[in-house]
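Engineer: One structure, as structure tokens, below. Some questions next.
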Amino acid sequence: MGIRVLVLGAQGQLGYVLGQHAKPALMETMSDCVCYGRDKVDFTRPEQIVAALKDVRPDVVINAAAYTAVEKAEQEPQLASQINGKAVGVLAEQCKKQGAVLVHYSTDYVFDGTANRPYRENDPINPLSVYGRSKAEGEQYLQEVGGNWLVFRTGWVYAQRGGNFCKTMIKLAQQRPELKVVNDQRGAPTPAAWLAELGLTVAGVVAQSRYRALGKLAPTFLPDYPAEVPAGEIFHASAAGETTWHEYATLALELAVKKGLVANMPAVLPVPTSSMNFAAARPAYSVLDNAKLRDAFRVNPPDWAKGVRNLLATLEAGQL
């Protein structure tokens with residue numbers, strides 16, 4: 001009676017959190033949640049994607065696998081395109097063949113950053129970097145293949161496990177008295193745990209739909225869930241509010257000093273992006289409008305600063 005969920009990219013920052021959240025969440029309506037990392041499903045080998053879906057026979061696939069090295073992608077465009085683009089097309093095709101719902105995560109970097117208000121889902125995309133183009137390619141494959149999929153676009157993701165900006169700043173502050181951080185890019189640091197909850201919410205919608213078809217209520221019935229999966233839709237899913245990398249770093253380091261993760265507060269110098277010699281161009285403004293998500297899923301995105309405070313409250317030295 002329960003549904004089967006397959007999480008891909010389970011060794012990454014978001015995928016790991018998905019696996020951890022799946023253990024207590026919705027287990028009464030899940031018969032199984034299988035979590036595969038790159039050691040099991042390598043997105044450079046499409047045949048492994050097909051084999052995994054045939055073997056697991058999932059009702060819902062949550063894809064957190066991605067090439068996320070923004071700078072390195074400029075030197076590895078084919079690899080980024082394979083993982084973030086072509087492999088997503090293969091995954092979508094197989095999900096469609098098997099009738100599985102596909103949840104996929106994309107990025108704010110599909111936009112060029114020239115907007116003067118938060119980006120909406122129907123705004124034209126114009127990625128500036130290889131990474132952004134590869135993620136846009138994945139979205140395009142989904143739209144071409146069709147089937148029962150939805151996308152959560154997000155950005156500036158962080159978690160206790162895995163690499164992210166916040167943890168990098170803390171490690172650098174342990175070594176240097178002065179850090180230069182850009183102050184002309186705006187976005188919203190977003191917790192992986194909240195993104196994982198959104199993905200599992202889709203699994204909950206599928207479960208409730210199955211029970212409803214039999215004239216029953218799911219054991220963990222939640223009336224605020226949508227009645228059906230909004231198939232073929234893109235949703236913006238980022239934390240509430242906006243900030244710069246400089247403001248984000250300053251807050252994180254102040255909290256890290258208070259907690260004893262950093263001995264002394266470094267000088268955090270605001271600098272323009274143009275001074276940093278980045279290989280990849282980044283959008284100056286990538287704040288996302290979450291109105292569509294709030295309406296469809298009846299959720300309130302977490303405040304970005306509160307989320308960072310929660311991270312630092314639980315982050316331990318061994319997790320850096």
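Engineer: When segment 262-320 is examined, which residues are found to be of a type in the set (Gly, Ala, Ser) and either part of a loop (DSSP other than H, G, I, E, B) or open to solvent by 60 Å² or more (accessible area, probe 1.4 Å) (or both)?
Structural biologist: Correct list: ALA263, SER274, SER275, ALA279, ALA280, ALA281, ALA284, SER286, ALA313, ALA317, GLY318.
Engineer: Is it the case that some residue within segment 133-145 is in a strand (DSSP E or B), touching a strand residue (DSSP E or B) at 6+ places or on another chain (Cβ under 7 Å), over 25 Å from GLY241 (Cβ atoms) and not aromatic (Phe, Trp, Tyr)?
Structural biologist: The answer is no, given that none of the residues of segment 133-145 is in a strand (DSSP E or B), touching a strand residue (DSSP E or B) at 6+ places or on another chain (Cβ under 7 Å), over 25 Å from GLY241 (Cβ atoms) and not aromatic (Phe, Trp, Tyr).
Engineer: Which of the residues that make up segment 146-159 are part of a loop (DSSP other than H, G, I, E, B) and either hydrophobic (A, V, I, L, M, F, W, C) or buried (at least 21 other Cβ atoms within 10 Å of the Cβ) (or both)?
Structural biologist: Correct list: GLY155, TRP156, ALA159.
Engineer: Next up: Would you confirm, using the coordinates I've provided, whether ALA80 is free of Cβ contacts under 8 Å to residues at least 60 places away in the same chain and either under 15 Å from GLU137 (Cα atoms) or not hydrophobic (A, V, I, L, M, F, W, C) (or both)?
Structural biologist: yes
Engineer: Where in segment 17-123 are there strands (runs of 3 or more DSSP E), lying wholly inside it, with at least 3 residues that are open to solvent by less than 20 Å² (accessible area, probe 1.4 Å)?
Structural biologist: Where strands (runs of 3 or more DSSP E) fall fully within segment 17-123 and carry at least 3 residues being open to solvent by less than 20 Å² (accessible area, probe 1.4 Å), they are 60-63, 101-107.
Engineer: Still on this structure, please answer the following. Could you pull out the residue among LEU53, LEU128 that is of a type in the set (A, V, I, L, M) and farther than 30 Å from ASN277 by Cα?
Structural biologist: Within the list LEU53, LEU128, the selection yields LEU53.
Engineer: If the requirement is being modelled with pLDDT of 85 or more and closer than 22 Å to SER274 by Cα, which of these qualifies: LEU195, LEU179, LEU200?
Structural biologist: Testing whether each residue is modelled with pLDDT of 85 or more and closer than 22 Å to SER274 by Cα leaves just LEU179.
Engineer: Exactly one condition in (1) of a type in the set (Gly, Ala, Ser); (2) over 30 Å from GLU228 (Cβ atoms); (3) assigned to a helix (DSSP H, G or I) is false for GLY163; which is it?
Structural biologist: (3)
Engineer: If only one of LEU195, LEU179 is among the hydrophobic types (A, V, I, L, M, F, W, C), assigned to a strand (DSSP E or B) and open to solvent by less than 40 Å² (accessible area, probe 1.4 Å), which one is it?
Structural biologist: Exactly one residue qualifies, and that residue is LEU179.
Engineer: Give me the residue from segment 161-176 that is surrounded by fewer than 20 Cβ atoms within 10 Å (Cβ to Cβ) and under 17 Å from the mean Cα position of the chain (by Cα) and, out of that set, farthest from HIS21 (Cα to Cα).
Structural biologist: PHE165
Engineer: Can you tell me how many residues in segment 124-141 are under 15 Å from LYS86 (Cβ atoms), open to solvent by less than 30 Å² (accessible area, probe 1.4 Å) and of a type outside the set (Ser, Thr, Tyr)?
Structural biologist: Number satisfying all stated conditions: 5.
Engineer: Does VAL7 count as outside any loop (DSSP other than H, G, I, E, B), open to solvent by less than 10 Å² (accessible area, probe 1.4 Å) and either at pLDDT 95 or above or within 15 Å of GLY199 (Cα to Cα) (or both)?
Structural biologist: Criteria met by VAL7.
Engineer: Can you confirm whether ALA279 is of a type in the set (Gly, Ala, Ser), farther than 17 Å from PRO189 by Cβ and within 20 Å of the chain's Cα centre (by Cα)?
Structural biologist: Here the answer is no, as ALA279 does not meet what is asked.
The values are calculated or read from the model by the stated rules, or taken from the named source; none is laboratory data. Quick caveat: nothing in here was measured; it's all calculated off a predicted structure. Ideal geometry is used to build each Cβ from the backbone, glycine not excepted, and the neighbour counts take in all protein chains shown. Each accessible area value is taken on the protein alone, full model and side chains, heavy atoms only, with ligands, DNA and RNA left out. Shrake-Rupley method; radii C 1.70, N 1.55, O 1.52, S 1.80 Å.
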